[in-house]
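Chemist: Have a look at this one before I ask anything.
Only the coordinates and a few stated rules stand behind these numbers; no lab work does. Model, not experiment: these values are computed from the prediction. Note that each Cβ is placed from the backbone with ideal geometry, even for glycine, and that neighbours are counted across all protein chains shown.
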Amino acid sequence: MSSPIVSELIDLLQLERIEENLFRGQSRDIGTRYVFGGQVLGQALSAAQRTVDPVRAVHSLHAYFLRAGDIEAPIVYDVDRARDGKSFSVRRVVAIQHGQAIFNFSASFQVSEPSVEHQMDMPDVPAPEDIAPREPPPASELAHLPVKLQRWLNRKGPFEFRHVNPRNEFKPEKRPPFQQVWFRLIDRAPDDATLHRAMLAYASDFHLIGTATLPHGISYLQHNVQMASLDHALWFHRPFRVDEWLLYSCDSPSAQGARGLTRGMIYSRDRRLVASTAQEGMIRLLPESTDSA
C-alpha cells in the first residue's frame with residue numbers, strides 16, 4: 001500500500017481507545033458541509049468491532065443520523081455491550097459531539113456457520129475497464145458553486161467510482177430510479193476483514209440517496225435542493241475486498257413526504273452478492289427566491 005489517501009482513510013477508522021467501551025475518532029474534511037455520514041458509519045462499526053470476539057463477524061448494522069456532525073471537533077463513540085450469546089453478539093453505539101448524541105447505531109455479529117444459500121443475480125453491465133473514468137467538472141460550472149462544493153467535486157478520494165450510466169449533475173435529466181456504479185479502493189489495503197467491512201460501510205453512503213432524485217431531474221448541486229441521510233442499514237453476506245472492483249446496484253422504490261427510500265445490492269467481480277443496503281433520506285425542494293420589487 002502506497003497511497004497516502006488510503007492510509008488516511010485507514011487511520012480515520014483506527015479509533016483511539018479512551019476507556020474500555022469509549023473510543024474517539026477524528027474527521028476528514030472532504031468538501032461536505034458537515035461530517036460525511038459514511039465516516040460515522042465506518043467509525044461506529046470500528047468501535048463496535050473492537051469490543052467483540054474476533055471470531056464473530058458483523059452481519060448487519062442499522063443507524064440513525066440525529067444531528068449534523070461538526071468536522072472541526074472529535075467524535076466520541078460510546079459502545080454498549082448489549083448481548084453476547086452462544087452464536088450472536090449485539091452492540092449499540094452512540095456517537096457524541098459537544099455533549100449531544102449525533103448518531104445512534106446497532107450492529108449484530110455472528111460466529112460463521114454453514115447453511116442454505118441463494119442470492120439475486122447481478123445485473124448484466126459493462127465491466128469497469130470498459131467505462132471511462134469520471135472527467136473533472138468544467139471550471140466554468142464550478143465557479144458558480146460554494147467553495148466547499150468545489151472541493152467535494154474536485155477531490156481525490158480513497159475510492160474510485162465508475163458509473164454505468166453517468167449523469168451530468170449540473171444539468172440532470174429525468175430517468176428511471178435505478179443506477180449501477182463500480183467502485184474500489186484506489187490502492188491495496190491490509191488483509192484485515194474487519195477493516196474491509198468498515199471501509200465498505202464508509203463507501204456505502206456514496207451515491208445511494210441520490211438514486212431517489214433520478215426520476216425528478218434534480219441534483220444536490222442545485223441551491224434549492226436540500227438532502228441529508230436520515231438512516232442507514234447494511235447487511236454483510238459474503239467475504240469481499242474493497243480494493244477489488246465491486247458493483248453497487250441501487251434503486252429507489254418511493255419518494256414522498258420530503259423523504260426518499262433507496263436500496264442497494266453490492267456484488268463482487270465474480271457476481272457474488274456480498275452486501276445489501278437500505279437508506280431513507282430527506283429530499284426537500286425549497287421555493288425559489290425572488291427579488292423584491
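Chemist: Setting aside same-chain residues fewer than 8 positions from residue 156, which aspartates and glutamates have a Cα under 20 Å from its Cα?
Modeler: The qualifying aspartates and glutamates are 8, 11, 29, 129, 135, 141, 169, 187, 205, 243, 244.
Chemist: Could the peptides 166-173, 89-96, 28-35 be put in order, highest first, of the mean number of other beta-carbon atoms found within 10 Å of their residues?
Modeler: In decreasing order of mean packing, 166-173, 89-96, 28-35 become 89-96, 28-35, 166-173.
Chemist: What number, in percent, do you get for the relative contact order of segment 223-288 if the mean sequence gap of Cα pairs under 8 Å and at least 6 apart is divided by its residue count?
Modeler: 45
Chemist: A further question follows. Defining a contact as two alpha carbons under 8 Å apart and six or more residues distant in sequence, what relative contact order in percent does the chain show?
Modeler: 18
Chemist: I've got another one for you. Given a Förster distance of 41 angstrom, what is the FRET efficiency for residue 174 paired with residue 194, based on the Cβ-Cβ distance and rounded to 0.05?
Modeler: Using R0 = 41 Å, I get an efficiency of 0.50.
Chemist: Output needed for the chain: three equivalent-ellipsoid semi-axes, defined as square roots of 5 times the C-alpha gyration tensor eigenvalues, in descending order, whole Å.
Modeler: So the three semi-axes of the chain are 30, 23, 19 Å.
Chemist: Give the peptides 204-216, 228-240 in descending order of average Cβ contacts within 10 Å, highest first.
Modeler: Taking the mean over residues of other Cβ atoms within 10 Å, the ranking is 204-216, 228-240.
Chemist: At what distance in angstrom do the alpha carbon centres of segment 53-83 and segment 92-106 lie from each other?
Modeler: 7
Chemist: Here's something else I'd like to know. Show that you can apply the helix-only estimate: for the chain, add -39,500 (n - 2.57) for every DSSP H stretch of four or more residues, divide by all residues, and state [θ] at 222 nm to the nearest 500.
Modeler: The helix-only estimate for the chain comes to -4500 deg cm²/dmol at 222 nm.
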